[in-house]
Amino acid sequence: MSDRRTQILDAAATLISERGFTSTSVDDVIKGAKLSGKSHFYHYFKSKEELGYEVLNRQFERFAERGLAILREPMIDPLERLNLFIDAVVALQSESGGRRGSPFGNLAAELADAHEGFRVRIEAVFERWASQIRSLLWEARPQLLDDVDAVRLSRFIIAALEGAVLMTRVKRDLSVLEGIAADLKRFIAMHVRDGAAMQQNRSHE
């Protein structure tokens, strides 16, 4: 990826996170990326929408690299991986003091009803995220209670984390996310068989 294209994407990601997609203009991005004119912008992106789609994809790939990769680590117990993933979400938010929020949740709230292109792409992002958690839960099946629904539990985990990130951003208090993350771990533990739960607790000692 060229340096100039990276500059544009970095500037756009920051502006969209702070202002939202609708309130971020191409001129704002050009100024933020320190470009000399619109021709440089349109050399790399045909439209503001194309830029927005690329920002969304890039944000998810970064999230996948730093967060979702934990869910696929074969050398760690699957339920321990899930706890580490929750910790990673908290860590990512702590880097911005809890003020940045979720790029997926922010765009979903802003554009799901108003922009079909973004709605479809954001739905795909959440589905990719959910599929990773579902795969982990299926791997952990011997440790889970028989009535655990991996599809519903994966959606609940995402909803809890996204809601916690939103509340943290509104209150500007990272302890909100930390508390909900701890409660979410306890909720997940309620779906674990007694013997597996005891084994997992010993692994933390």
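For this structure, a couple of remarks:
- Flag not set for W129, criterion: in the same structural domain as A64 (by TED's automatic domain parsing), in contact (Cβ under 8 Å) with a residue 12 or more places away in the chain, over 21 Å from F63 (Cβ atoms) and not basic (K, R).
- From the options E73, E50, residue that is surrounded by fewer than 19 Cβ atoms within 10 Å (Cβ to Cβ) and not assigned by TED's automatic domain parsing to the domain that holds R141: E50
- Whichever residue in segment 1-47 is within 21 Å of E116 (Cβ to Cβ) and not small (G, A, S) and, among such residues, is surrounded by the fewest Cβ atoms within 10 Å (Cβ to Cβ): K46
- Of the criteria (1) assigned to a helix (DSSP H, G or I); (2) among the aromatic types (F, W, Y); (3) modelled with pLDDT under 90, which one F21 fails: (1)
- When the residues of segment 1-51 are filtered to those that are of a type in the set (A, V, I, L, M, F, W, C) and touching a residue at least 60 places away in the same chain (Cβ under 8 Å), the one that is farthest from F63 (Cα to Cα) is F21.
- Residue match in segment 131-142 (condition: at pLDDT 90 or above, more than 14 Å from the chain's Cα centre (by Cα) and outside any helix (DSSP H, G or I)): yes
- Residues of segment 41-82 that are farther than 25 Å from Q143 by Cα and charged (D, E, K, R): K46, K48, E49, E50, E54, R58, E61, R62, E65, R66.
The values are calculated or read from the model by the stated rules, or taken from the named source; none is laboratory data. As the structure is a computational prediction, the values presented were derived from the model and not from experiment. Note that each Cβ is placed from the backbone with ideal geometry, even for glycine, and that neighbours are counted across all protein chains shown.
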